[in-house]
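Accompanying notes for the structure given below.
The values are calculated or read from the model by the stated rules, or taken from the named source; none is laboratory data. Computed from a predicted structure; not experimentally measured. Here the Cβ is made from the backbone with ideal geometry for all residues, glycine too, and neighbour counts use every protein chain on show.
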Amino acid sequence: MRSNLTRNLFLSQAAVLALVTAIAIPAAAQQGQSATGSQDNPPSTQQPSQTAKPLNNQTKEGFWGRVNPMARKKWVKKQTDPINDRLTELDEVNAKNAKDIQDVDGRAQAGIKQAQSTAEKANEVATSASTQAQNANQVATTASGHVDQLHTTVNGIDTYKPINEVDVPFKRGSTILSDDAKQQLDGLATSLKDHKGYVVEIEGYSPARGVVGIQNSQRLTEAVKRYLVEHDIPVYRVHAVALGNAQMASNANASADDQKPIKASSVHIRLMENSLAARDAASPQGAASTTGAERP
């Protein structure tokens with residue numbers, strides 16, 4: 001029995017020795033490789049590290065040193081705590097960076113919206129100013145046109161142009177208007193109803209010489225003037241002159257041989273108008289008032 005106990009003890013020691021040898025040989029090989037790598041790479045040729053400082057968690061645990069296949073919970077926790085702390089620090093930095101980026105993005109978006117709103121308001125103000133400028137330009141152009149028209153009208157008030165001429169014949173020694181003469185004067189008076197800017201020139205002619213001819217022609221002009229005034233022609237628009245046996249204006253510039261003497265008594269009527277009458281004639285209100293007037 002004792003021999004059996006001795007035999008079992010020897011077997012146990014042999015097993016433990018074999019186990020220790022199996023574990024020790026790889027560890028020795030690993031240490032040999034580390035020493036060989038250190039000799040192959042001398043410290044003078046190594047480049048300095050630009051990364052963060054590595055974690056200093058290399059500790060030895062009991063008999064096994066760096067290789068501990070049966071590590072305890074405390075030893076594992078001791079090795080992993082620095083890593084967990086560094087991960088927690090990195091998470092905090094990432095969270096802070098994300099928050100800063102979010103804040104910057106929010107401020108940028110707000111600035112963009114404010115700039116866009118300001119640009120839209122400025123565009124609206126510019127559009128409104130452009131519309132007002134166009135309206136002002138149109139008003140100025142209209143006012144300028146009115147001023148030019150008024151200037152033309154004022155300058156043309158004293159400038160009269162002939163638009164109609166009528167000859168009224170009289171019998172020798174008579175101042176009575178014939179039916180044909182009254183019809184001509186009625187048409188002239190009708191065409192001048194509600195008309196503005198005109199004058200009526202009346203020239204009386206008589207074949208008699210000297211004072212007798214002037215007196216006869218004056219009676220003729222007075223008869224025609226009276227008839228026109230009685231038919232609503234303002235007296236201030238009628239201008240009469242007795243010329244006796246003087247040549248008419250159309251024949252006055254002819255040579256002495258071409259001038260024809262006055263053979264019958266007559267009254268020459270000339271209707272004259274200025275720019276005011278022309279303006280009224282161009283308007284719808286004045287168009288109807290000039291239908292009876294004959295224009296050259």
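So is residue 143 within 26 Å of the chain's Cα centre (by Cα) and either in the same structural domain as residue 271 (by TED's automatic domain parsing) or not β-branched (Val, Ile, Thr) (or both) or not?
Against the criterion (within 26 Å of the chain's Cα centre (by Cα) and either in the same structural domain as residue 271 (by TED's automatic domain parsing) or not β-branched (Val, Ile, Thr) (or both)), residue 143 qualifies.
May I ask you to list the residues in region 170-184 that are of a type in the set (A, V, I, L, M) and part of a helix (DSSP H, G or I)?
181
Hand me the list of helices (runs of 4 or more DSSP H) wholly inside region 185-296 holding 2 or more residues that are charged (D, E, K, R) and either at pLDDT 90 or above or in the same structural domain as residue 170 (by TED's automatic domain parsing) (or both).
210-230, 275-282
Can you name every residue in region 150-183 that is surrounded by 18 or more Cβ atoms within 10 Å (Cβ to Cβ), out of contact with any Leu (no Cβ under 9 Å at 6 or more places or on another chain) and modelled with pLDDT of 85 or more?
181
If a residue must be of a type in the set (D, E, K, R) and over 35 Å from the mean Cα position of the chain (by Cα), how many such residues does region 101-115 contain? Spell out how you get there, then give the answer.
Initial filter on region 101-115 (of a type in the set (D, E, K, R)): 103, 105, 107, 113.
Imposing the further condition that a residue be over 35 Å from the mean Cα position of the chain (by Cα) reduces the set to 103, 105.
Residues flagged as of a type in the set (D, E, K, R) and over 35 Å from the mean Cα position of the chain (by Cα) within region 101-115 amount to 2.
Condition check ((1) at pLDDT below 90; (2) surrounded by 10 or more Cβ atoms within 10 Å (Cβ to Cβ); (3) not in a loop (DSSP other than H, G, I, E, B)) across all residues:
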| position | (1), (2), (3) |
| --- | --- |
| 51 | yes, no, no |
| 55 | yes, yes, no |
| 79 | yes, yes, yes |
| 89 | yes, yes, yes |
| 98 | no, yes, yes |
| 101 | no, yes, yes |
| 119 | no, yes, yes |
| 122 | no, yes, yes |
| 131 | no, yes, yes |
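Please enumerate the residues belonging to region 155-186 that are under 26 Å from residue 272 (Cβ atoms), out of contact with any strand residue (DSSP E or B) (no Cβ under 9 Å at 6 or more places or on another chain) and in contact (Cβ under 8 Å) with a residue 60 or more places away in the chain.
Within region 155-186, 155, 156, 157, 158, 159 qualify.
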